[in-house]
Amino acid sequence: MVKKLLKYDFSALSKPLIPMYIVMLSIALFNRIVQFFESDGVAYNIFFISSTILFVISIAVSFVYTLAVCVVRFYKNLYSHQGYLTLTLPASHSEHILSKLISSVCAMAVTLLAVIISVSVCTAGDVFGEIIKAALYIFKQYFRLTKVHGAFYILEFILVLLATTVAELLTIFTSVTVGQLAKKNRILLAFGVYFGIYVAWQIIETVLLIIGAVFVNTDIAEKLLDYIAENTYQCIHIALIGFLLIQLAVSFAGFFITRKIMRTKLNLE
Amino acid sequence: MSELLKCTSLTKNYGHIAALKNVDLVVEGGKIIGLLGPNGSGKTTLIKLINGLLVPDGGEITILGNKPGVESKQSVAYLPDNDYLNPSMTALATAELFADFYPDFSIEAAKKMFGELGIDQNAKLKTLSKGNREKVCLILTMSRKAKLYVLDEPIAGVDPATRDYIISTILQNYNKEASVIISTHIISDIESALDEVIFLKGGEIVLHKSVDEIRNENNKSVDELFREVFKW
């Protein structure tokens, strides 16, 4: 059933996202064409700087826009009038959440790919060759330093990136789901819940920092620093895997809270 | 007759307000049932509970022995009382969506009805008139061979000619072994099609009888009895 739900979620997301990719690639292409007329003239500099600024803005906007499209799809398809159809389809609440999550993660990944392609278009030619050369050199040095650990760091980093995206999306889905419990100002409540979660995280981080600060200059801290110095490679693994586990815990909490509210407190418009 | 829908001491509250109070109800197959009552009597709450869009605070509800869930949703064809389809999809694409999810949906039947009603199946729903969008909703619901049809206010807000078409569409297209629950205020237009009626008042069932029983015992039409029971 998730496969069928995904078919319609991908279709709905592609409609607003494809034009955005076309615009971003067009800006990148324009920037590249401008570079063919390179000169010391004022006109060239104005065109080049303007198109570069525009391109950088388009990259930033593309991620925000993709996220907004995914969240709007989640809200409208499940909690607006469309929910009367979506939630009476023979699919479970878990399948609905999974479909929205997978389609959103894929949309973010496609946007990342579109950004990489756009940057490649912008830098096509000698500059692109230099970037590849520099990247290869950096990787060579990286693997020389980290040896076999390097490959695992990359894998762990990709998993952390994926888990962070999933956790962030599920936090937003949970906020939207809590927001729909209100009779009025549902969007406002959703923003409030998201802000509340953000503040709670900031408080937790601050408390941890304070606890850490208390232990500075103590024997425990010294022993810990010595251990990190002796086992640097392992400690990086522990840090990455620890962060991964935190993101997974946040994801599971978001998933189960969203599902619980959908099951028991559904309040369609 | 098979027991399609069973409610036992079904209760639903909205805060301190009781929308349904200990409702006991059994609906068997092969019946067209009018779910009648004034605004706020609990009709839509009952319908939402049947469709799993609300969870009861007390009691139990089963559809063919299953609590509302994935299995029951395969057996129930639901027509909500609002514009619930994605306006950026065409009528045909929406029919294909129904065909994808409901094995009992007949896309041929839907296309036939689109044609009969002159609905452009390739037009986006947002470009259709409100009346035509309502017809699309009805066509999609009635193109299923479901066990239980639950229609929430299907004839409200449409002209009398469309009302007649809607009633005839319901009568011609529903699965004869199935039951149809129709929630409405407009009783006179639909009375002749009904086998049974349920009167809901303040969240309680105050009457559940066959139309023949009402005519024989009360010597009144359903419309007349409704006006008497719900007189202010």
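The numbers here are math on the coordinates, done by the rules we state, and not lab data. All of these numbers come straight from a predicted model, not from anything done at the bench. Note: ideal-geometry Cβ built from the backbone for every residue, glycine included; neighbour counts use all protein chains shown.
Here are some notes:
- Label-to-label distance, nm, for residues given as A:L112 and A:F152 (7 Å Cα→Cβ offset): 2.2 nm
- Percent antiparallel among DSSP beta bridges (both partners in segment B:3-229, rounded to 5): 55 percent
- Based on Cα contacts under 8 Å between residues 6+ apart, segment A:153-202 shows a relative contact order of 25 percent.
- Estimated inter-spin distance, A:V199 and B:K130, nm [label 7 Å along Cα→Cβ]: 4.2 nm
- Close amide H contacts of B:E3 (hydrogens built in the peptide plane, cut-off under 5 Å, sequence separation of 5 or more or a different chain): none are found.
- Between A:L169, A:L136, A:L101, the GNM of chain A built on Cα springs shorter than 10 angstrom shows A:L136 fluctuating the most.
- Dipole magnitude of chain B about its Cα centre (Cβ charges: Lys, Arg +1; Asp, Glu -1), debye to nearest 20: 460 debye
- Cα→Cβ-extended label distance, 7 Å offset, between A:I187 and B:A109, nm: 4.0 nm
- With a Förster radius of 51 Å applied to the beta-carbon distance between A:S120 and B:E177, the computed FRET efficiency rounds to 0.25.
- Among B:T127, B:T44, B:T141: highest mean-square fluctuation, GNM of chain B, C-alpha pairs under 10 Å: B:T127
- Between the amide H of B:K201 and those of B:V206, distances stay under 5 Å, these residues lying 5 or more places away or on another chain, with hydrogens modeled in the peptide plane.
- Most to least packed among A:142-148, A:5-11 [average Cβ atoms within 10 Å]: A:5-11, A:142-148
- In order through segment B:168-179: 3J(HN,Hα) via Karplus (6.51 cos²θ - 1.76 cosθ + 1.60), integer Hz, x for Gly, Pro: 5, 4, 4, 5, 7, 9, 6, 5, 5, 8, 8, 10
- Cα shape, chain A, gyration tensor, a/c 1.5 rule: oblate
- Links that overshoot a 28 Å alpha carbon limit, given the list B:K112/B:K147; A:K15/B:K145; A:K100/A:K260; A:K184/B:K111; B:K12/B:K73; A:K3/B:K12: A:K15/B:K145; A:K184/B:K111; A:K3/B:K12
- The string of couplings for segment B:62-79 from the Karplus curve (6.51, -1.76, 1.60, θ = phi - 60°) is 10, 10, 6, x, 9, 5, x, x, 4, 5, 5, 5, 6, 9, 10, 9, 10, 10 Hz, one whole number per residue in order, with x for Gly and Pro.
- Kirkwood-based Rg to Rh ratio, the protein assembly as shown, C-alpha trace: 1.10
- Extended-chain gain in nm, criterion 0.36 nm per residue less alpha-carbon gap, A:V214 and A:T264: 13.6 nm
- Separation of alpha-carbon centers, segment B:86-128 and segment A:67-121, rounded to whole Å: 23 Å
- A:H237/B:S210 FRET efficiency (R0 51 Å; Cβ-Cβ; nearest 0.05): 0.10
- Global geometry of chain B, whether rounded, prolate or oblate, following the gyration tensor of its Cα atoms and the 1.5 cut on a/c: prolate
- Test item: A:85-97 mean partner chain Cβ contacts at 10 Å: 5
- Candidate aspartates and glutamates - alpha carbon under 17 Å from A:K265, same-chain residues fewer than 8 apart omitted: B:D57, B:E60
- Segment A:182-265 shape via C-alpha gyration tensor axes, a/c threshold 1.5: prolate
- Working from Cα pairs under 8 Å separated by at least six residues, relative contact order for chain B is 26 percent.
- Among B:A19, B:A77, B:A161, the largest mean-square fluctuation in a Gaussian network model of chain B (Cα springs under 10 Å) belongs to B:A161.
- Listed from fewest to most Cβ neighbours within 10 Å, the set B:R144, A:R263, A:R186 follows the order A:R263, A:R186, B:R144.
- Spread of Cα-to-Cα distances over 10 Å intervals beginning at zero, given as percent, for segment A:1-125: 13, 35, 23, 16, 9, 4, 0
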